[in-house]
1. Please find, among A:Val9, A:Val51, the residue that is on the phi < 0 side of the Ramachandran plot and touching a residue at least 40 places away in the same chain (Cβ under 8 Å).
2. Select from region A:224-265 the residues that are farther than 24 Å from A:Val144 by Cα and of a type in the set (A, V, I, L, M) and list them in ascending order.
3. For region A:140-161, check the following and say yes or no: at least one residue is within 14 Å of chain B (Cβ to nearest Cβ) and either acidic (Asp, Glu) or out of contact with any helix residue (DSSP H, G or I) (no Cβ under 6 Å at 6 or more places or on another chain) (or both).
4. Pull out all pairs, ordered by first then second residue, where Cβ-Cβ is under 6 Å, the residues are six or more apart or on different chains, the first lies in region B:199-210 and is assigned by TED's automatic domain parsing to the domain that holds B:Leu228 and closer than 18 Å to B:His73 by Cα, and the second is among the acidic types (Asp, Glu) and buried (at least 24 other Cβ atoms within 10 Å of the Cβ).
5. Among the strands (runs of 3 or more DSSP E) confined wholly to region B:65-147, which include 1 or more residues that are of a type outside the set (Val, Ile, Thr) and under 25 Å from B:Glu282 (Cα atoms)?
6. Testing A:Tyr212 on (1) within 14 Å of chain B (Cβ to nearest Cβ); (2) out of contact with any Gly (no Cβ under 7 Å at 6 or more places or on another chain); (3) in a helix (DSSP H, G or I); (4) not aliphatic (A, V, I, L, M), one condition comes back false. Which one is that?
7. Hey, could you check region A:108-123 for residues that are out of contact with any Gly (no Cβ under 7 Å at 6 or more places or on another chain) and over 17 Å from A:Arg140 (Cα atoms) and say which is farthest from the other protein chains (Cβ to nearest Cβ)?
8. Taking the conditions exactly as written (assigned to a helix (DSSP H, G or I), among the polar types (S, T, N, Q), touching a residue at least 12 places away in the same chain (Cβ under 8 Å) and within 17 Å of A:Leu62 (Cβ to Cβ)), does A:Ser243 satisfy them or not?
Amino acid sequence: MSSAINRRVLPGFSLSLGYTLFYLSLLVLLPLAACFLKAASLSLGQFWATVWTERARSAYALTVGASFVAALANVFLGLLIAWVLVRYEFPCKRLFDALVDLPFALPTAVAGLVYSSLYVPSGWLGQFLVPLGIEGAYSRLGIVLVLVFTGLPFVVRTVQPVLDGLDAEVEEAAASLGATRWQIFRRVLLPPLVPALLTGFALALARALGEYGSVIFIAGNMPYRTEIAPVLIVARLEEFAYSEATALAVVLLTGSFLLLGLVNLLERWSKRHGD
Amino acid sequence: MAKAIALSFAILTVMAGTFWLIIAGNRGGDSGALELLNVSYDPTRELWRDLNARFIPHYRQQTGKELTIKQSHGGSSSQARAVIDGLEADVVTLALWSDTDAICKKGLIDSAWQDRLPDHSLPYYSTIVFVVRKGNPRQIKDWPDLVKPGVSIITPNPKTSGNGKLSFLAAWGAVREGGGAEDDARAFVTKLYQQIPVLDTGARGSTVTFAQRDIGDVHLTWENEAHLEVAEGKGELEIVYPSRSIRAEPYVALVDANVRRKGTQQAAEAYLNFLYTDEAQEIIGKHHYRPINPAIQRKFAATLPPIALFPVTVTARGWDDVQPKFFADGALFDQIYTPKGN
């Protein structure tokens, strides 16, 4: 990254940059611009009245809050899984490793359906949990559960290669110098992992913010309680109110963009401090 | 260098391939074979498959032409949006009048569309009925029973589902038809929706919640869906016919702008007119939709028992008025839910 600004050692710079820009524009920028343009057809007053109702605000709060909690849970779970997969040998390790990617491949609606079937009062898990007051279906907890599922691979896959690249000798050196196990984890292992953890967190968060398919099947979609922002967008589309729907989308997009920018800044900061 | 060039070529090939696929995909109609696209709503998949299988040989006999019919299914409103956005439907057979009318308003369907076919372009109709658990433990027999204390009701969100809209209108209209005032109807639906624990976004979602997840005491759903649900339920579920319900009207229409361009007008017209033949009406009845031909509907009295159906005009001035009055942002349905209520 740092020494890549050398003058064109590799040929084909303009060609590859051209393709990159072309693809980025065609696949990302153009649709986003269309979205903003459509939303711009509303007057400022209309825009505000659409995106800042009490109902919309509680939906944003739920979407961002649940995504945040889920991404955070993924950081801990993901680190643990990556650690186990990298550091230990056990039977069927490859199988477990492959399982981690499953949430990528599975249509998320299936995840929502399966989770809700497990956690309803008559479900396998629900029959024990619901009497204890833990409602994993048609509740906010349910939303977090499926978001943890869909975001899990991100942290594991970003942390795994970094952990793999860490020399065991560094730990041994720390131990021979008298460091306790906690000190080794805290001062030797964790610092180089922080940027990867943050990247994984950001990816899981971004995924969760936009998630629709799995959530609608487990949320119950009750206004003010378990209604996520994308459901509001769909509701506006059903009224053929395209501009209002895109206005909501623009708010979500801008919010996500700011949030991701913040995480990126944090990541850079941690990299600088890690060195 | 060689690698970069090879990579560029690979990218170019992929791009060219993609564009070719897109273009070729759009030209399906030019290859000589006649093809119709029927854009419909979710639960009609099996109905249209049966109807198409009968119509194709008919058309071959009459004209000597080989016809293929493609079907597209999804939520009624999103299907309408797809057609507005350029999906090349020859005919639309959507769940709600307002969805067909939205396409008409965009100029794709002639404004006189309803008068072009018999019975105002309505070859069949349907209604909203109740599905309850075996033995009807909560004794739910008619609309007022729904709001008895402790009864939990499942039906989709009216904002995102045609089934949801019709359930709401049926509940509203049942009060009005029973002599209640607008305020009574409002009080009734408010109470009813407070007893709904889960608002699914679509009809099939609600069916899963009720039948597979065992949530709720009663499910308000399409009559044809209710029959399927009970058949699937292996004796655990029963249909209850309330004393009255709404007449759900899934109109059919030719998409003029598309058939003109594709040269499929004649075939599409023949296709829609076929729906009114005795043969097609029988198939419609077999799939638990109510045939518009009363003689044929009577043949199915065992599965489609007589029920007093009221038109949508009992609830609002017409379909045009339903959206702003009940389901628009901040309208009546939204007022049921308040932040404090939860």
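1. Numbers: A:Val9 fails: touching a residue at least 40 places away in the same chain (Cβ under 8 Å).
On inspection, the qualifying residue turns out to be A:Val51.
2. Keep residues of region A:224-265 that are farther than 24 Å from A:Val144 by Cα, which gives A:236-247, A:265.
A:Leu237, A:Ala241, A:Ala245, A:Ala247, A:Leu265, listed by residue number.
3. Taking region A:140-161 first, the residues within 14 Å of chain B (Cβ to nearest Cβ) are A:140, A:142-143.
Still in the list and also either acidic (Asp, Glu) or out of contact with any helix residue (DSSP H, G or I) (no Cβ under 6 Å at 6 or more places or on another chain) (or both): A:140.
Checked against the condition, which is being within 14 Å of chain B (Cβ to nearest Cβ) and either acidic (Asp, Glu) or out of contact with any helix residue (DSSP H, G or I) (no Cβ under 6 Å at 6 or more places or on another chain) (or both), region A:140-161 yields at least one hit.
4. B:Ser206/B:Asp200
5. Details: elements: B:67-72, B:91-93, B:124-133.
Filter on region B:65-147 gives B:67-72, B:124-133.
6. Looking at each condition in turn, A:Tyr212 falls short on (3).
7. Here the answer is A:Val110.
8. Numbers: assigned to a helix (DSSP H, G or I): yes; among the polar types (S, T, N, Q): yes; touching a residue at least 12 places away in the same chain (Cβ under 8 Å): yes; within 17 Å of A:Leu62 (Cβ to Cβ): no.
In short, no.
The values are calculated or read from the model by the stated rules, or taken from the named source; none is laboratory data. These numbers were taken from a predicted model, which means no experiment stands behind them. Glycine gets a Cβ as well: all are built from the backbone with ideal geometry, and neighbour counts include every protein chain shown.
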